[in-house]
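The values are calculated or read from the model by the stated rules, or taken from the named source; none is laboratory data. Values in this document were obtained by computation on a predicted structure and should not be read as measured data. Neighbour counts are summed over all protein chains in view; Cβ atoms, including those assigned to glycine, are modelled from backbone coordinates with ideal geometry.
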Amino acid sequence: MEKKELIKQFQVEQDVVSIEPYGSGHINHTYLAEMSEGKKYILQGINTTIFKNTDELMENIIHVTSYLREEISRMGGDPKRETLTVVMTKDGRPYYTDEDGSKWRVYDFIEGAQTFDAVESKEDFYQSAVAFGKFQAQLANFPADTLHETIPNFHNTAKRYQDFEKAVEADVKGRAAQVQEEIAFVRARSKEVSELHDMLAKGELPLRVTHNDTKLNNIMIDSETHQAICVIDLDTVMPGLSAHDFGDAIRFGANTAAEDEPDVSKVSLSLELFEIYVKGFLEGCGGRLTPNEVKALPMGAKMMTLECGMRFLADYLEGDVYFKISREKHNLDRCRTQFALVADMEKKWQQMCELCQ
Ligand code: ADP
Ligand code: GN1
Ligand code: MG
């Protein structure tokens, strides 16, 4: 179905003028819809290969955003800008299924704000840390058992490692021979992959409601005030570890190079940005993190980076079926930046731990 026809299936205001691809997410198919009198919407084709149960996915999002809307109002904020608003279909459903079986959803466009693919200002990065910390704090009393697990074992790094080994073993595209060095890099760290989950199992870390995909382009920064106003991309809000939310943001934002930089010599961990993020995140969490959680933050950063690298490498071996790519070996480049960043974190480990304390 034409995109313009698709958007008409939703309870939108004004007539649609244009619909163009938008943003740089790796998972969903995102479009900006501009309407006749200036209103805008986000139209998204949901990636149903990855999110297999659209009803449960949208139920989570509606549940979480309704809860946040009340929390934000209670704190005197503006829920129309500070959380996502799902636009229902004309027959009152949270998503539309077209004739091919593709699933679509629409959000109100958050005006006067933008997302960034790299840190442009330290203050913005600090604000994003406060906002992701605050997001966790706002959901501290959310009934976690009502959330569906949209991607089982999403940040179970030990399970990710097993999946990675299966991809190496199957080698369906015959690519494993060229990436022996990367495979060895992962294997040399295989003992660390279960550390955080073991702490969780022993009750040393609490399970919280977390975002699980805290990269910088999943937060909207107000163009005038530079406040981080809204956490977006809520597909993976699930019970998880605070160290993972912290760590994924470091993986993406405190890297001196882009996630897909082909020249790995540009990759390093900026300790300055790391420190800024620690401060902002702890402030946003409002003193809720336990001493063990604070201690686990560096490990969260390292594991999220190693895990993401393993996922990119596994996807490369499997023929690029998960992450969107725009060039040959794109996932291999991404994997290499992640491993270079892990190696740099290992060099700076002592300082990372000291900064957290
Ligand atoms: P993906 O899961 O593919 O990463 P996202 O939900 O993160 O998809 O959306 C991709 C991009 O679209 C975001 O990084 C952001 O720039 C933009 N975007 C998404 N939702 C909104 C919104 N409600 N208002 C404004 N921009 C949005
Ligand atoms: C994906 O959807 P997006 O682009 O914000 C992925 C994350 C990865 C990230 C790597 C559901 O995030 O887990 O860390 O790419 N999301 C999903 O950039 O797998
Ligand atoms: Mg995203």
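Brief remarks on what is shown
- Matching option when the condition is outside any loop (DSSP other than H, G, I, E, B), in contact (Cβ under 8 Å) with a residue 40 or more places away in the chain and away from ligand 2 (no atom under 16 Å from the Cβ), among Val172, Val130: Val130
- Of all residues assigned to the range 286-293, at least one qualifies as being within 23 Å of Lys347 (Cα to Cα), in contact (Cβ under 8 Å) with a residue 60 or more places away in the chain and surrounded by fewer than 23 Cβ atoms within 10 Å (Cβ to Cβ).
- Those residues of the range 241-268 which are more than 16 Å from ligand 1 (Cβ to nearest atom), under 13 Å from the mean Cα position of the chain (by Cα) and among the small types (Gly, Ala, Ser), in sequence order: Gly247
- If only residues of the range 211-234 that are within 16 Å of ligand 1 (Cβ to nearest atom) and hydroxyl-bearing (Ser, Thr, Tyr) are counted, the one that is farthest from the chain's Cα centre (by Cα) is Ser223.
- Output for the range 8-39, where each listed residue is more than 26 Å from Gly92 (Cβ to Cβ), in a strand (DSSP E or B) and within 16 Å of ligand 2 (Cβ to nearest atom): Pro21
- Odd one out for Lys266 among (1) basic (Lys, Arg); (2) away from ligand 3 (no atom under 16 Å from the Cβ); (3) buried (at least 20 other Cβ atoms within 10 Å of the Cβ): (3)
- Options Asp145, Asp163: the member that is within 24 Å of Lys52 (Cα to Cα), modelled with pLDDT under 95 and either within 16 Å of ligand 3 (Cβ to nearest atom) or not in a strand (DSSP E or B) (or both): Asp145
- Of all residues in the range 66-86 being surrounded by 15 or more Cβ atoms within 10 Å (Cβ to Cβ) and of a type in the set (Lys, Arg), the one that is farthest from ligand 3 (Cβ to nearest atom): Arg69
- Residue selected from the range 202-220 under the condition touching a strand residue (DSSP E or B) at 6+ places or on another chain (Cβ under 7 Å) and more than 14 Å from ligand 3 (Cβ to nearest atom), by the criterion nearest to Ile46 (Cα to Cα): Thr210
- The single residue among His63, His29 that is over 15 Å from Ile151 (Cβ atoms) and within 16 Å of ligand 3 (Cβ to nearest atom) turns out to be His29.
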